[in-house]
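Written out below as structure tokens is the structure these notes cover.
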Amino acid sequence: MATVTITCSHCGFSKEMPAGAVPEGAVRVTCPQCKESFLLEPQAPVAAVTEPSPLHTPSPEDPYAPSGFGTPPPPPVPPPPFTDTDRGIPGGNGKKSPPRRELSGLGDLFSSSWEVFKNRIGILLVLYLIIIACVLVPVGLFLGAGFLISLVMPEGRIPLLVGGGFTGGIIGLCVAYWGGAALVFAVADETLGVRDSLVKGWERLGSFVWVYSLAGFIIGGGFFLCVVPGVIFYVWFFFCQFVLAAEGDRGMAALLKSKEYVRGRWLDVFFRVFVLWIISVVAGMIPFAGSFLSLVFIPFSMIYHYRIYAELREIRGEVEVPTTGNDKNIWLGVGLLGHLVFFGLIGMAFLGHFLGN
């Protein structure tokens, strides 16, 4: 008896069956390999008719037995839920499912952030304490040095203390960028420990300083332009640090990519960021416990904000941002305009006061 080769239209898996066992009409069959069903028609099998092995006979358990003949095929197994790895974010299992369309509600967002925070609290607190130490230690050292020198030169005490505090503050701020970059990497990649996070932060320190400086310049200029543009810019460019850590985009590209992720969901993002800010302010005002709550709240808020970024990235998928100098420089021009307006108004106020006297 001749045989017919039946080929799955989904995965290409093939199996031979006796020609007499294939029904004449169209029937639906289930592939034993990918578990997908497809319509088997008399002309559909991609097959060559060959002489079969005399030992092959159809049976009810045959995986390619048409539905209605023998044992029905098992129902398809649903895919596992979508996870972070599917979005290019560490920590998932690599399985796919339909993409997200909306941001999680506040309850789900707080719950998922809390689960990550519980697992990473030790590493994140250490990194946050390093940031604090990076600011306080240089300031203390330079202030102390200025005070000791002032004992010998009492007439220069004030300049020495101010100069020491300012110098220590600048150095502390620069070093604190390192700790801040390490904290961002630790939040973006849950496989990193303290040491690896610090290494990555050091490697990308220049990029973080630059992207923070650009964001501060543009957002500050927006606030100088009657506040409202500053609030808008703040939400647009809020996730630039995560874009830098997770995707490697630097400078204006990181800011513009953050803006593109937020596009169309500005109010949703603003609401979620604003609620957390209100909670942090209230927590910080609690007597005695406020200081401790503030200590643990910063790492938690970093996770919370990263979860928003991850969901925005999942919703939008791959985004394209302007690559030409003119497209990028327009935002620098907006920031510059805001600063010019602000300092111009201050200058005019001083000039008016001077002329009035």
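The values are calculated or read from the model by the stated rules, or taken from the named source; none is laboratory data. This is a predicted model, so every value here is computed, not measured. Here the Cβ positions follow ideal geometry from the backbone for every residue, glycine too, while neighbour counts run over all protein chains shown.
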Report task. List the number of the failed condition for Leu151; all other conditions in (1) modelled with pLDDT under 80; (2) farther than 29 Å from Tyr261 by Cβ hold. Result -> (1)
Query raised in the report: Of all residues in the stretch 281-311 being hydroxyl-bearing (Ser, Thr, Tyr) and farther than 20 Å from Phe237 by Cβ, which is surrounded by the most Cβ atoms within 10 Å (Cβ to Cβ)?
Result: Ser294
Report summary line: Per the filter on the stretch 235-260, residues surrounded by fewer than 19 Cβ atoms within 10 Å (Cβ to Cβ) and assigned to a helix (DSSP H, G or I) are Glu247, Gly251, Glu260
Report summary line: Here the residues within the stretch 89-141 that are part of a loop (DSSP other than H, G, I, E, B) and at pLDDT 80 or above are Glu102, Leu103, Ser104, Gly105
Report task. Inspect all residues belonging to the stretch 310-333 and state whether any of them is of a type in the set (Ser, Thr, Tyr) and at pLDDT 85 or above. Result -> no
**Report entry** Count - residues of the stretch 168-198 that are under 24 Å from Phe300 (Cβ atoms), over 20 Å from the mean Cα position of the chain (by Cα) and either among the aliphatic types (A, V, I, L, M) or outside the structural domain of Ile131 (by TED's automatic domain parsing) (or both)
**Finding:** 3
Query raised in the report: Of the residues that make up the stretch 312-319, is at least one among the basic types (Lys, Arg), in contact (Cβ under 8 Å) with a residue 12 or more places away in the chain and within 15 Å of Phe237 (Cα to Cα)?
Result: yes
**Report entry** Residue check, Arg265 within 27 Å of Glu320 (Cα to Cα) and at pLDDT below 90
**Finding:** no
Query raised in the report: What residue, of Leu160, Leu256, Leu205, Leu183, is touching a helix residue (DSSP H, G or I) at 6+ places or on another chain (Cβ under 9 Å), over 26 Å from Gly335 (Cβ atoms) and not β-branched (Val, Ile, Thr)?
Result: Leu160
Query - Flag for Arg263 being farther than 18 Å from Phe110 by Cα, surrounded by fewer than 17 Cβ atoms within 10 Å (Cβ to Cβ) and touching a Lys or Arg at 6+ places or on another chain (Cβ under 9 Å) - result: yes
